[in-house]
Amino acid sequence: MSERKITYPQLLETNALIQQLADESYWLCVTRTVQESKLFPVSPYMLLSYFMAFYRYPELVRKVDAHMPAEEIGDRMRNMGIKCANPAIGWGLPSFYLLGREYLINLGLLRPQDAVEDVIDVMDFWKRFQLAWHRNDGHITNSAYGHRAQILAERRVQVFHADMYECRQGDALHNAAQAFMAAASQYGFLISCESRISLHNSGPYKLSDTREMIVRDYMDLSESDFPWLDDVAREVPYNNLTVPMAIEGCHVYLMDDWGSFESEPEFKAHHVVGVGLYTSDTLTDGYIPVAMESREALTNAFAELTETVKDATAKLWKRIASWSRDQMMDAGAITYFAIAKDIAHVAGCYEVEDWMMVDERAQRFRPLLNDEYSNAFLGELVGSLTNPSQRLNEYSMMMHSDQPARMYTHLPYSVLDGDFTPTVGPMRPGSSCLAPKQDRYTTSQGVLTLAEYNRRAREFSPLAATGDYRHLCETWLKYHASDPRAQALYEREQQQSRRLAGRGAGLTRADIEALRGDGE
């Protein structure tokens, strides 16, 4: 029995967090598009990833937390331009863990009171990260904000707004940007084993009475964490790319915790009237502009990147075509399980053995996961909620469906009387039938070994997340625009802006519009 003391307030808060996720997870799973593939065994690898998450996430978040607290990681990622918080940590980290727990409860291998310390630690890490990540909007999830994701500080939105180039359907820049986004989306879809994990949207931000901005991120594009991109993606120069888009003639009324959005009227290519291009990673202080010096340079960069990712896509198709079912299972499960891997990169403690392997305890369930069983059970687990653990008393009415059900089981308060097991224990060995990862990581500072990448990550911090600047929030900035520290924060964000460099704090949205002129 653990000597750690569990308190009633801890259990109350943990169950409240679990229920908040349960409500949103059900809504996401029954209202968003179905995940299917003619190539990958998606349902089997998703279920395998949930086992991996249950057995490994508790020790991994403790390891990361020991190197750098969750709230500090949230602050750094918000200011670096790192793009893994939603859906990676905002939904995936706690939900994959809780889905694995729910699965094991229904298999009769776990009681609700078992691994109680693990549950508390995973949910506490998630809460602290989310509160820091969402610091500017004051919420813990997109759903709590009426499905909005306005993460960025004013100083970053101003740079995106000021520097984007005007475009219209049919012109060279618009065509090049649309071609790139289509090719990069297809490429990212294949990288993530025909899931949507490599693509994310956030926003909207109000640019004017008629315009809004959404920010689209493409992640893990080059040689970095996934071994199946070794050699295949060597010519892709950026691991992460971000495209801010000004849209006109439609209103984005929903941006969910999976990074999907809806608009009125439906978003179409012709609604895009402005674009930019940036890169960022664990070692950047914000976003770095890519070919933003002129319209022609940006148009050419989009065109060149389109051809590069198309070539990488063709190479990746050839590699995947040679895979066995077990290799596809491993790659898909690792992609899902490693959705939160960038927390370890920021903390400088990333290890291949932690994130790119299938835990031996999860491997025990592989023979169970054929397509027919996995499709049926996954549908019950996240859709119909017909598993015994998910049913409530007959008087209950859950959010969104009114049925007597709950996606994730609460911790029973009887653990306060001593009836529980504390944890699943330390990390166990993992394995994979995929090719070993090459020691090459594409970063904003060149191709690095993992040891060097971790060292640089541990030594780096963006200005806004360090020392006297970390707690200078948007509320403080509102009342201290002339303070030298406010000027330093804005000038650091603006230092590579073609329109705002050196202008500092105090600019209004109207000032930005005036500086934009004709958008050229």
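FYI, it's all coordinate maths here, none of it is from the lab. Here the structure is a predicted model, which is why all the values come from computation and not from measurement. For neighbour counting, all protein chains shown are included, and Cβ atoms are generated from backbone atoms with ideal geometry for every residue, glycine included.
Which value, in nm² and rounded to one decimal, describes the direction-averaged projected area of the C-alpha convex hull of the range 169-275? If you can, show how the numbers build up before the last one.
Working: hull surface 28.5 nm².
Seen from a random direction, the Cα hull of the range 169-275 projects 7.1 nm² on average.
Provide the gained length on full extension for the span A144 to V30, in nm with one decimal, where the gain is 0.36 nm per separating residue minus the Cα-Cα distance. Show your work: numbers first, answer last.
Working: separation 114, 0.36 × 114 = 41.04 nm, distance 1.82 nm.
Separation in residues times 0.36 nm, less the Cα-Cα distance, equals 39.2 nm.
Using every pair of distinct Cα positions in the range 345-403, the Kirkwood expression returns a hydrodynamic radius of 15.1 angstrom. Computed across the range 2-158, the Kirkwood hydrodynamic radius from all distinct Cα-Cα pairs reaches 16.9 Å. Average projection, convex hull of the Cα set of the range 433-514: 8.9 square nanometres.
In the range 362-520, the C-alpha radius of gyration followed by the widest Cα-Cα span (Dmax) gives 27.0, 69 angstrom. Based on Cα contacts under 8 Å between residues 6+ apart, the range 216-255 shows a relative contact order of 43 percent.
Between S263 and Y253, the built amide H atoms are under 5 Å apart, and every one of these is 5 or more places off in sequence or on another chain.
Between A297 and D417, full extension at 0.36 nm per residue minus the direct alpha carbon distance yields a gain of 36.5 nm. Backbone phi angles across the range 286-299, fed through the Karplus curve with coefficients 6.51, -1.76 and 1.60 (θ = phi - 60°), yield HN-Hα couplings of x, 9, 9, x, 10, 6, 8, 6, 7, 4, 5, 4, 5, 4 Hz in residue order; Gly and Pro are listed as x. Over the range 1-72, the pair-distance histogram of Cα-Cα distances with 10 Å bins from zero comes to 14, 27, 39, 17, 4 percent, rounded to whole numbers. For the chain, the extents of the C-alpha atoms along the principal axes are 66, 55, 47 Å, listed from largest to smallest.
Against the main long axis of the alpha-carbon atoms of the chain, helix 42-67 sits at an angle near 80°. Just how large is the dipole of the chain about the Cα centre, in debye to the nearest 20, putting +1 at every Lys and Arg Cβ and -1 at every Asp and Glu Cβ? Value, rounded to 20: 300 debye.
When N counts the residues of the range 94-215, how does its alpha-carbon radius of gyration compare numerically with 2.2 N^0.38 Å, as a ratio?
Numbers: Rg = 20.1 Å, N = 122, 2.2 N^0.38 = 13.7 Å.
Its radius of gyration relative to the 2.2 N^0.38 Å reference: 1.47.
In this Cβ point-charge picture (+1 for Lys and Arg, -1 for Asp and Glu), the range 338-429 has a dipole of about 60 debye about its Cα centre.
The range 198-334 has equivalent-ellipsoid semi-axes of 30, 19, 14 Å, by the square roots of 5 times the alpha carbon gyration tensor eigenvalues, sorted largest first.
For the range 269-294, the residues whose amide N sits under 11 Å from a probe point set 7 Å from the Cα of E248 along the beta carbon direction are 271-274. With contacts taken as Cα pairs under 8 Å at a separation of at least 6 residues, the chain carries a relative contact order of 24 percent. Averaged over residues, the count of other Cβ atoms within 10 Å places the peptides 417-429, 467-479, 492-504, 157-169 in the sequence 157-169, 492-504, 417-429, 467-479, highest first.
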